[in-house]
Amino acid sequence: MASFIDLFSGAGGLTLGLSRAGWTPLLGVDHWSDAVATYRKNFAGHQIISCDIELLEVADLIRAAPALPEWVVGGPPCQGFSTVGKRKRDDSRNKLVREFKRVVEAIRPEGFIIENVLGLKDMRFEHSIKELFSEIGYAVSFHVMRAADHGVPQLRRRVLFVGHRERGAFGGLLPTHAEADYVTVGDAISDLPRVRPGEAATRYDGPAVSDYQRAMRAGSTDVQGHIASNHPAYLIEAISHIPDGGNRRSIPDSLQPRSGFHNSYARLASWLPAMAVTSNMGKPSASRCIHPFQDRGLTAREGARLQGFPDTFHFTGGITSQRLQVANAVPPLLAQRIGEALLDDARWEGAAAETVVAA
């Protein structure tokens, strides 16, 4: 068992996953009011500080936690490292990694975890971050993970930094799922109530039909956040021509949208994991986020299922905010696998210090 505080906690995906792996959460920290409210709603056993980390005094953080943490974990905001759009090494948001280091250096936990987007690797930032924490006494290992390899119905790839003062290199996660066994979009969301654009549902209207769905529904009596965006009639007609897993090429010329990219107006394939879940999951014009069978974008609850949030985890705020909280979160199932691997003595020392998955 390991105790931890979660910096940049957001809605709590990392906290949830580590808790399910047997870790003990002591405190969360985030500055986004909607995410803080969601965190408080779902983690009643400890508190969260609503504060800009650049203004956070470590002494105040220590006073708020019931004990000194063995680990400091978190996902410093990733926009500056993202593979989407322009990437800037001097992006001010990148400096928040140094704020994370400031807390680690002051508290001196046994270890730390940083989880982030793959853009870090693309920019060769891993070497800078390794050096940043090596200079304060941590052996740092870097890993790239594909979420689907660990039971998440999503092909999103993420990077993981693990630092420890005594145990040396962490050898990374061993996959729990081969490609033939990936959890698919259909496995994840096909049991959720059918809703048309502009509609919402709060009750299950059929049974779970996969092991994943049964796990997601365990303990839940209702469906929260299952609200579909209200699309115009011409758009509904256009996307109705797209088959399961298809794209805009199936839309008749007379109905073709005038804008968008090659992966806009594309349906998720029910027989495959999703691509990366984004905050635009409700917009058909976004990257492959149309429901496999229904003529609309995804709901926040469907996005949460694809991230691995159980139905008992409820999001606060408006529906746009809920989608953003879901998209920004660490997939809880992936976080759980990370927590389990870190507690496994066999994954330390002697294992490769860098693990990379295939593209």
Practice task
Inspect all residues belonging to region 227-244 and state whether any of them is modelled with pLDDT under 95, touching a helix residue (DSSP H, G or I) at 6+ places or on another chain (Cβ under 6 Å) and surrounded by 19 or more Cβ atoms within 10 Å (Cβ to Cβ).
Solution key: no
Completion exercise
Thr176 fails exactly one of (1) more than 30 Å from Ile129 (Cβ to Cβ); (2) within 22 Å of the chain's Cα centre (by Cα); (3) exposed (fewer than 15 other Cβ atoms within 10 Å of the Cβ), namely (1)
Handout entry: Matching residues, region 17-34, being of a type outside the set (Phe, Trp, Tyr), within 17 Å of Glu340 (Cα to Cα) and more than 11 Å from the chain's Cα centre (by Cα)
Key = Leu18, Ser19, Arg20, Ala21, Gly22, Thr24, Pro25
Exercise for the section: Pull up region 122-139, narrow it to residues that are modelled with pLDDT under 95 and among the aliphatic types (A, V, I, L, M), then point me to the one that is surrounded by the most Cβ atoms within 10 Å (Cβ to Cβ). Expected result: Ile129
Exercise for the section: List the helices (runs of 4 or more DSSP H) that sit entirely inside region 1-84 and contain at least 2 residues that are within 26 Å of Arg323 (Cβ to Cβ) and not small (Gly, Ala, Ser). Expected result: 13-20, 33-42
Handout entry: Residues located in region 7-49, provided they are surrounded by 23 or more Cβ atoms within 10 Å (Cβ to Cβ) and aromatic (Phe, Trp, Tyr)
Key = Phe8, Trp23, Tyr39
Handout entry: In region 131-173, the residues that are in a strand (DSSP E or B), closer than 19 Å to Ala329 by Cα and touching a residue at least 60 places away in the same chain (Cβ under 8 Å)
Key = His143, Val144, Met145, Arg146, Gln154, Arg157, Arg158, Leu160, Val162
Practice task
Taking Ile236 as the residue in question, decide whether it is in a loop (DSSP other than H, G, I, E, B), touching a residue at least 40 places away in the same chain (Cβ under 8 Å), more than 26 Å from the chain's Cα centre (by Cα) and more than 24 Å from Val152 (Cβ to Cβ).
Solution key: no
Handout entry: Yes/no for Thr312 being polar (S, T, N, Q) and more than 19 Å from Val159 (Cβ to Cβ)
Key = yes
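The values are calculated or read from the model by the stated rules, or taken from the named source; none is laboratory data. Just so you know, these numbers come straight off a predicted model, no measurement behind them. For neighbour counting, all protein chains shown are included, and Cβ atoms are generated from backbone atoms with ideal geometry for every residue, glycine included.
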